Amino acid sequence: MNDPATITALLRAEAARLGFDLAGVCRAEAPPLERFRQWCEAGYAGQMHYLPDRWEAYQSPQSVLDGAQSMLVLTMNYSSAPAPDLLPGQGRVSRYAYGECDYHDLIHTALKQLKRYYLSLAPAGQVRGVVDTAPLLERDLAQLAGLGWRGKNTLLLNKRRGSQFFLAVLLCDEELAYDEPHQAAHCGECRACLDACPTNAFPAPYLLDATRCISYLTIELKGPIPEPLRAGIGDWMFGCDVCQDVCPWNRHAVAPALAELLPRDDLNPVNLTELFTLDDEAFRQRFRRTPLWRTKREGLLRNAAIVLGNRPGAHALAPLTRGLHDASAVVRGASAWALGQQSSPAARQLLQDQAAMETDDAVLAEIRQALAAE
């Protein structure tokens, strides 16, 4: 077995070859969890019950890999290219999601190769690579591994890279050469991210109320989006980049090394009208291997309807008509609200006709509210 410094250097080099950008190393110990516990208890996790439900597991990386001694924390850049100006009937997708494939699949493939490389160095070793799904606080671990600091928008920031990257962790049972934790924060008096948030999702610096965050509302939330927050979603159909777009450190953002993370034409931006023509099978064929699959068809059409409501015009009438007659009550309710924003006789007639046949109480309430608002 190589000494810790040698094996660490070899792992860093292999990680770079596989498309990872930054790499830092820390001991396999949990970071302080009190802030995370308080955040969950305050209800800021919303419907993400899997976070507090795994509280015990978060207290030890050994719950992820028995016998873990070290963690190699890795970053992989995603596209820093801004979306083009939108035309009527189009919606925005967050940069991290408009590549050719689901980043989980891409990163897992790279981690599997890195695991094999580790085992070539330590044949009797134990190793596991994870991205997003394990009970690890990756941003806190990245700070312990010297990769950056938590910004006021709670994202990890790096002086040379900004925040537009994914985080992954390779856990292993050998001692590595550990980096010094990143101690300093470099946000200073800047509040650009806090002030720019369209839904006021930051009760205080360094504190995110996920239940108000556009990314949560358009991806994690099941069911209707709360009416007071719909206007703030603007043209974001999936995710949100606002707090990153305004961050001065993201002027250093670097393009991805892997072509699969470059923007896909039909996701940058998205034709919302076309989405309403997709049945379940067509939706599966188009989005199964992208991050947009997470919302399923119902969630994506709900989001598309909200965007059409926020950008009213004649272009919105045909897709919202389809949405108003969709099998999903969630889609019908969002479409009813969006038609209420159109302020047109045709939209009003559609709502009146649907009110006469609607059987879902929640959708009927949306229709009545939309009609009353005109």
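The values are calculated or read from the model by the stated rules, or taken from the named source; none is laboratory data. Quick caveat, the model's predicted, so the values are computed rather than measured. All Cβ positions, glycine included, derive from the backbone under ideal geometry; neighbour counts span all protein chains shown. Just so you know, the surface numbers come from the protein's heavy atoms only, side chains and all, with ligands and any DNA or RNA stripped out. Shrake-Rupley method; radii C 1.70, N 1.55, O 1.52, S 1.80 Å.
Quick look at the values:
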item: Centroid-to-centroid separation of the stretch 284-317 and the stretch 164-228 [C-alpha atoms, Å]; result: 24
item: Kirkwood Rh and Cα Rg combined as Rg/Rh, the stretch 202-245; result: 0.94
item: Equivalent ellipsoid semi-axes - Cα gyration tensor, the stretch 1-141, angstrom; result: 30, 24, 12
item: Distance (nanometres) between label positions extended 7 Å along Cα→Cβ at ARG54 and ARG348; result: 5.2
item: Partnerless Cys - the chain, beta-carbon criterion under 4.7 Å; result: CYS26, CYS40, CYS101, CYS172, CYS187, CYS190, CYS197, CYS213, CYS240, CYS247
item: The stretch 81-128: equivalent-ellipsoid semi-axes (sqrt of 5 x gyration tensor eigenvalues, Cα, Å); result: 40, 8, 6
item: The stretch 267-278 - phi-based ³J(HN,Hα) in whole Hz, Karplus 6.51/-1.76/1.60, Gly and Pro as x; result: 10, 9, x, 10, 7, 6, 4, 5, 4, 6, 8, 8
item: Given LYS152/LYS222; LYS159/LYS296; LYS115/LYS152; LYS115/LYS159, the pairs whose alpha carbons are separated by over 32 Å; result: LYS159/LYS296; LYS115/LYS152
item: Most to least packed among 234-245, 313-324 [average Cβ atoms within 10 Å]; result: 234-245, 313-324
item: Global geometry of the stretch 251-314, whether rounded, prolate or oblate, following the gyration tensor of its Cα atoms and the 1.5 cut on a/c; result: oblate
item: If the convex hull is drawn through the Cα atoms of the stretch 133-285, its volume per residue in Å³; result: 170
item: Semi-axes of the equivalent ellipsoid for the chain, Cα gyration tensor, largest first, Å; result: 42, 21, 19
item: The stretch 269-373 - Rg over Rh from alpha carbon coordinates, Kirkwood radius; result: 0.97
item: Mean-position separation - Cα centroids, the stretch 36-50 and the stretch 229-254, in angstrom; result: 23
item: Cα gyration tensor shape for the stretch 22-84, rounded if a/c is under 1.5, else prolate or oblate; result: oblate
item: Of all accessible heavy-atom area on the stretch 269-373, the percent that carbon and sulfur account for (1.4 Å); result: 49
item: Table column - 3J(HN,Hα) (Hz), the stretch 48-57, Karplus curve with 6.51, -1.76, 1.60, x for Gly and Pro; result: 7, 5, 5, 6, x, 5, 9, 3, 4, 5
